[in-house]
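The values are calculated or read from the model by the stated rules, or taken from the named source; none is laboratory data. Worth saying up front: this structure is predicted, and the values here are computed from it rather than measured. No Cβ is skipped: glycine too gets one built from the backbone with ideal geometry, and neighbour counts run over all protein chains shown. The accessibility values were calculated without ligands, DNA or RNA, using every heavy atom of the protein model including side chains. Shrake-Rupley method; radii C 1.70, N 1.55, O 1.52, S 1.80 Å.
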Amino acid sequence: MKEAIFLEESLKKIYDPSDFREIGHQLVDMLADHLEQVQSDSDIPVIKYRNPEEELSYWKNDLSSGSSMMDFYKEILDRSIHVHHPRYMGHQVAVPSVISSLSGLVTDLLSNGTGVYEMGMASNALERIVTDFVSQKIGYGTDAAGFLTSGGTLANLTALLAARKAKAPGLVWEEGHQENLAVLVSEEAHYCIDRAARILGFGAKGIIKVPTNSSFQIDVNVIEEYLEKAEQDGLVVIAIVGCASSTATGSYDDLAALAEIATKHNLWFHVDGAHGAGVVFSEKYKHLAKGIDQADSVVIDFHKMLLTPSLNTALLFKQGEESYKTFEQRAQYLWDSQQSREWYNSGKRTFECTKLMMSLKAYSIIKMYGEDVFEKNINRLYDQGKVFAQIIRNRDGFELLMEPEANILNFRYLKFSDSDLNANNSKIREVLLQSGKFYIVQTMINEQRYLRTSIMNPLTKEEDFEALLDEIEIIAKSL
Ligand SMILES: Cc1ncc(COP(=O)(O)O)c(C=O)c1O
């Protein structure tokens, strides 16, 4: 007789529905209280900064502390930065809408893998609907297609892989590199483009950085020169990448001009719109990305301007067919045929094998708040960028780097001697971080230190901007 294998009670407990219900109810209440507090009480810090060693040592003791799960979650809240706080104005991370966070709970419980149709039937169908919706807003035709993937960095790499497949003279995927390939991009592009080119095996020479004009947009007048020089150097340029917008200053490249150059030279035209391509949803601001509909591929992060938790990125192709060619290899255990091109087996086109059910988080926002929700958010954040710019300009002692095109602003406090300017603006940011009253970041532009803010929270108001500048003046006086 076969001996039954004993199933430990403690293992059964892992899936106990009553635990899920009990802890879940308490947790949702705790998170709702947290949201209420950070949105209504500006005295609550955006961040309670602790240094890395202190943080590590706290958590090293946690497992043996005997504290409850609720104590644990409370501590996690206390020791995390609060993006829902209206005075969070730092890195470009969306303030997730509540419905997308709740959809996240659903997807984390279901944990469908989505790469293969039946491992995510609903999420694959929703992914098709969401990506078709974005394609239509870009202005693409019916041949367009796309998918969701884990972040702008990965999406840009995937797009450049597709570009290589389409434009490299040799069969790189099958036979390795035959030529010295290269991509051309603005010197203001996000570092992930540089990294992608190197991952693709192009080396440092294979990332050609074109200088920018005074508005930090790629200087389209010198691109021909750079292409000629590349040819003389024995490089085969396969793609031009446009920024919509750039990370440091939120500048939009002239996409229409880039499209023209790409067509003339038979290059792939890719738009890194991780941050700012969301303007395609806005009647008021879509002019910033004029020409985006001519791009062969576009990246848009839902987790930046489009209200979902990280990570959640759309990669769209003007010719959907191109997206199937990127990874043509056998994965027999997954699909009957690698050659067939079904929209519903998204793993054929993505880096990921197992992939998060991202589509639910984007789709639920549209379902709950309506199709124009993204437009409203973009308009509010970009409008607030202009309001803040005006406030900075009106304040004695402050300098605004440039009129913002997007919701990203760079400015500095000037009432220091020239030799102290950079160091003291850095100190201002450091003191702000330590106090936790605001969260902003900093950047170097033309060797000058600037304080950098991204207005990510539609609930951030004029009084928050004024209060930030007041606080900077107080800190500056204490230096
Ligand atoms: C223009 C741009 N591209 C790409 C990225 C990288 O995107 P992700 O953080 O989703 O990987 C960023 C991030 O800030 C960005 O601003």
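Using a 1.4 Å probe on the protein chains only, how many percent of the accessible area of the chain belongs to carbon and sulfur?
Values: 12010 of 23000 Å².
In the chain, the share of accessible area belonging to carbon and sulfur is 52 percent.
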(request) Could I have the simple spin-label model distance between SER64 and ASP420, label points 7 Å from Cα toward Cβ, reported in nm to one decimal? (result) 4.8
(request) Only helical DSSP H runs with n ≥ 4 go in: add -39500 (n - 2.57) per run for the chain, normalise by residue count and round the 222 nm mean residue ellipticity to 500 deg cm²/dmol. (result) -13500 deg cm²/dmol
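What percent do you get for the relative contact order of the range 338-479 when only Cα pairs under 8 Å and 6+ apart count?
Details: 139 pairs, mean separation 27.9, N = 142.
It rounds to 20 percent for the range 338-479.
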(message) Name the residue from GLY152, VAL220, HIS287 whose Cα lies farthest towards the positive end of the charge dipole of the range 105-369, charges +1 on Cβ of Lys and Arg and -1 on Cβ of Asp and Glu.
(response) GLY152
(message) Filter the chain for me: DSSP H helices, axial length by Cα at least 27 angstrom, mean Kyte-Doolittle hydropathy not below -1.0. List them by residue number.
(response) 17-40, 373-394
(message) Can you compute the FRET efficiency between ASP33 and THR443 using 1/(1 + (r/R0)^6), with r the Cβ-Cβ distance and R0 = 30 Å? Round to the nearest 0.05.
(response) 0.30
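Could you give the length gained on full extension between ARG21 and TYR117, defined as 0.36 nm per residue of separation minus the Cα-Cα distance, in nm? Before the final figure, lay out the partial values.
On the way: separation 96, 0.36 × 96 = 34.56 nm, distance 2.99 nm.
Result: 31.6 nm gained on full extension.
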(message) If I model a spin label as a point 7 Å beyond the Cα along the Cα-Cβ vector, how far apart are those points for ASN221 and TYR369 in nm?
(response) 4.2
(message) For LYS361, LYS165, LYS13, give me the order by solvent-accessible area with a 1.4 Å probe, most accessible first, ignoring ligands, DNA and RNA.
(response) LYS13, LYS165, LYS361
(request) With all protein chains present, calculate the accessible area of TYR117 using a 1.4 Å probe and round the result to the nearest 10 Å². (result) 80
(message) If you count only protein heavy atoms and use a 1.4 Å probe, how large is the accessible surface of LYS12, to the nearest 10 Å²?
(response) 110
(request) Heads up, I need the accessible area for GLU260: 1.4 angstrom probe, whole protein in place, Å², nearest 10. (result) 130
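How many Å² of accessible area per residue for the chain, probe 1.4 Å? Walk me through the numbers on the way to the answer.
Working: 23000 Å² over 479 residues.
For the chain, the per-residue accessible area is 48 Å².
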(request) Quick one: compute the contact order of the chain, relative version, from alpha carbon pairs under 8 angstrom and 6+ residues apart, as a percent. (result) 21
(message) Let me check I've understood the local charge: for GLY242, count other residues with C-beta under 9 angstrom from its C-beta, Lys and Arg +1, Asp and Glu -1. What total comes out?
(response) -3
(message) Please list ILE208, ILE472, ILE199 from largest to smallest accessible area, probe radius 1.4 Å, with all protein chains kept in place.
(response) ILE199, ILE208, ILE472
(message) Ordering ARG349, ARG395, ARG380 by accessible area with a probe of 1.4 Å, largest first, what comes out?
(response) ARG380, ARG395, ARG349
(request) Decide, for the range 105-369, between rounded, prolate and oblate: order the square roots of the alpha carbon gyration tensor eigenvalues as a ≥ b ≥ c, take rounded if a/c falls under 1.5, and otherwise choose prolate if a/b is larger than b/c, else oblate. (result) oblate
(request) Note down the magnitude of the dipole of the range 65-177 about its Cα centre, charges +1 on Lys and Arg C-beta and -1 on Asp and Glu C-beta and zero elsewhere, to the nearest 20 debye. (result) 380
(request) Name the shape class, rounded, prolate or oblate, that the alpha-carbon gyration tensor gives for the range 277-318, where a ≥ b ≥ c are the square roots of its eigenvalues, rounded holds for a/c under 1.5, and otherwise prolate holds if a/b is larger than b/c and oblate otherwise. (result) oblate
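One quarter of the convex hull surface, Cα atoms only: what value does that give for the range 146-218 in nm²?
Directional mean of the projected Cα hull area for the range 146-218 stands at 5.6 nm².
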(message) What are the extents of the Cα atoms of the chain along their three principal axes, in Å, largest first?
(response) 88, 60, 42
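List, in the order given, every pair from LYS355/LYS437; LYS209/LYS386; LYS290/LYS361; LYS165/LYS290; LYS48/LYS205; LYS229/LYS286 whose Cα-Cα distance in the structure shown is over 31 Å. Please list the in-between numbers first.
Working: LYS355/LYS437 37 Å; LYS209/LYS386 29 Å; LYS290/LYS361 28 Å; LYS165/LYS290 26 Å; LYS48/LYS205 43 Å; LYS229/LYS286 34 Å.
Too far apart for the 31 Å limit: LYS355/LYS437; LYS48/LYS205; LYS229/LYS286.
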